[in-house]
Amino acid sequence: MAHKAGFVNIIGNPNVGKSTLMNAFVGEKLSIITSKAQTTRHRILGIVNGEDFQMILSDTPGIIKPAYQLQESMMSFVKSAFEDADVLVYMVEIGEKELKDEAFFNKIIQAEIPVLLLLNKIDKSNQSELETQVELWKDKVPNAEIFPVSALEGFNVAEVFNRIVELLPEAPPFYPKDTLTDKPERFFVNEIIREKILMHYKKEIPYSVEIDTQEFYEEEDIIRMRSVIMVERDTQKGIIIGHKGSALKRVGVEARKDLEKFFGKQVHLELYVKVNKNWRSDQRQLKRFGYND
């Protein structure tokens with residue numbers, strides 16, 4: 001049998017379930033998932049290998065109108081997702097009626113590659129609403145195949161996966177067959193710590209934070225990590241640390257448990273907090289954190 005391989009890029013508004021879908025396909029937690037919008041900041045590749053196919057999935061940040069330099073960089077990852085896709089997966093959720101950016105929407109309806117429109121979170125809907133929504137999206141995106149799904153509950157996920165495999169072009173694998181992602185280990189350390197901050201802090205705190213894992217030493221029985229939580233202001237530093245360090249300790253304990261699951265090994269994690277003023281608007285800093293590659 002001929003081998004198939006291709007890039008499958010997942011786009012959509014913030015919080016519609018893109019990361020949940022990719023993690024379901026890959027079978028690993030590569031993209032962080034929380035109830036907050038704008039959780040994904042980078043374009044993360046997850047690679048699924050079969051005997052006769054390689055599916056390279058790309059989870060992108062939710063589409064927004066950028067308010068500062070970091071968000072501009074996030075949207076450049078979305079733009080690149082249109083450029084190299086073999087199959088485009090456009091995710092919407094029940095009740096949604098439009099993409100937040102008209103230019104991106106026009107790119108979807110003018111795409112010359114296969115487009116799958118996934119109507120997600122149907123577990124929160126009823127048959128009548130679902131039928132209305134399917135008709136709405138048939139009219140809006142006539143070039144798309146529409147699949148009602150629940151990425152969280154796994155409904156129709158296997159059917160979508162099999163359809164994507166059918167649509168992949170014939171090609172040799174782009175990555176070695178044992179590769180799960182294009183990101184280095186430190187990237188996932190940063191993302192797991194950032195997920196805990198998204199879960200436990202309110203308002204602007206999670207969006208003002210960047211993680212820099214400065215040390216990662218793997219020994220036979222343990223991995224030793226040292227990560228710095230960057231914030232933009234002194235007041236944010238105090239909030240992250242909490243009373244007598246209690247808030248920071250909670251982040252560290254929860255992150256360490258997830259890291260041990262992810263790496264399958266005991267983890268020693270040291271966390272520090274540092275003020276790095278206005279890093280979200282600093283081109284040099286953003287490049288260092290991998291946003292302006």
### Message
Given the condition open to solvent by 60 Å² or more (accessible area, probe 1.4 Å), modelled with pLDDT under 90 and not basic (K, R), answer yes or no: does some residue in segment 113-121 qualify?
### Response
no
### Task
Please identify the pairs in which a residue from segment 222-234 that is assigned to a helix (DSSP H, G or I) has its Cβ atom under 7 Å from the Cβ atom of a residue that is open to solvent by 10 Å² or more (accessible area, probe 1.4 Å), counting only partners at least 6 apart or on another chain.
D234/V275
### Near pairs, Cβ below 7 angstrom, 6+ apart or cross-chain, from segment 238-255 (within 15 Å of M225 (Cα to Cα) and touching a residue at least 60 places away in the same chain (Cβ under 8 Å)) to any residue that is surrounded by 15 or more Cβ atoms within 10 Å (Cβ to Cβ) and basic (K, R)
A255/K196
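Quick check on L70: is it outside any loop (DSSP other than H, G, I, E, B), modelled with pLDDT of 85 or more and either of a type outside the set (S, T, N, Q) or open to solvent by less than 10 Å² (accessible area, probe 1.4 Å) (or both)? Write out each step before concluding.
Values: outside any loop (DSSP other than H, G, I, E, B): yes; modelled with pLDDT of 85 or more: no; either of a type outside the set (S, T, N, Q) or open to solvent by less than 10 Å² (accessible area, probe 1.4 Å) (or both): yes.
Against the criterion (outside any loop (DSSP other than H, G, I, E, B), modelled with pLDDT of 85 or more and either of a type outside the set (S, T, N, Q) or open to solvent by less than 10 Å² (accessible area, probe 1.4 Å) (or both)), L70 does not qualify.
Going through segment 217-238 one residue at a time, which ones are touching a helix residue (DSSP H, G or I) at 6+ places or on another chain (Cβ under 7 Å) and either open to solvent by 30 Å² or more (accessible area, probe 1.4 Å) or not hydrophobic (A, V, I, L, M, F, W, C) (or both)?
Residues of segment 217-238 that are touching a helix residue (DSSP H, G or I) at 6+ places or on another chain (Cβ under 7 Å), as a first pass: 223, 225, 227, 229-232, 236.
Answer for segment 217-238, where residues must be touching a helix residue (DSSP H, G or I) at 6+ places or on another chain (Cβ under 7 Å) and either open to solvent by 30 Å² or more (accessible area, probe 1.4 Å) or not hydrophobic (A, V, I, L, M, F, W, C) (or both): S227, E232, Q236.
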### Near pairs, Cβ below 9 angstrom, 6+ apart or cross-chain, from segment 143-172 (touching a residue at least 40 places away in the same chain (Cβ under 8 Å)) to any residue that is outside any helix (DSSP H, G or I) and of a type in the set (F, W, Y)
A144/Y90; V149/F155; V160/F147; R163/F147; V165/F53; L168/F53
### Query
What single numbered condition from (1) open to solvent by 20 Å² or more (accessible area, probe 1.4 Å); (2) at pLDDT below 90; (3) over 15 Å from the mean Cα position of the chain (by Cα) fails to hold for L152?
(3)
### Task
Provide a single number: the residues in segment 161-199 that are surrounded by fewer than 19 Cβ atoms within 10 Å (Cβ to Cβ) and either in a loop (DSSP other than H, G, I, E, B) or modelled with pLDDT of 90 or more (or both).
21
### Task
Quick one: V89 ticks every box in (1) closer than 18 Å to L118 by Cα; (2) at pLDDT below 60; (3) among the aliphatic types (A, V, I, L, M) except a single one, so which number is it?
(2)
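In the list K97, K107, K138, which residue meets the criterion of being part of a helix (DSSP H, G or I), under 16 Å from N13 (Cα atoms) and either open to solvent by 60 Å² or more (accessible area, probe 1.4 Å) or charged (D, E, K, R) (or both)? Don't jump to the end; show me each part of the working.
Working: K97 fails: part of a helix (DSSP H, G or I); K138 fails: under 16 Å from N13 (Cα atoms).
Going through K97, K107, K138 in turn, just one is part of a helix (DSSP H, G or I), under 16 Å from N13 (Cα atoms) and either open to solvent by 60 Å² or more (accessible area, probe 1.4 Å) or charged (D, E, K, R) (or both): K107.
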### Message
Among the numbered criteria (1) open to solvent by 10 Å² or more (accessible area, probe 1.4 Å); (2) modelled with pLDDT under 80; (3) under 20 Å from R163 (Cβ atoms), which one does V16 miss?
### Response
(1)
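The values are calculated or read from the model by the stated rules, or taken from the named source; none is laboratory data. All values derive from a computational prediction rather than experimental measurement. Quick reminder, even Gly has a Cβ in these numbers, built from the backbone with ideal geometry, and neighbours come from all protein chains shown. For accessibility, only protein heavy atoms count, side chains too; no ligands or nucleic acids. Shrake-Rupley method; radii C 1.70, N 1.55, O 1.52, S 1.80 Å.
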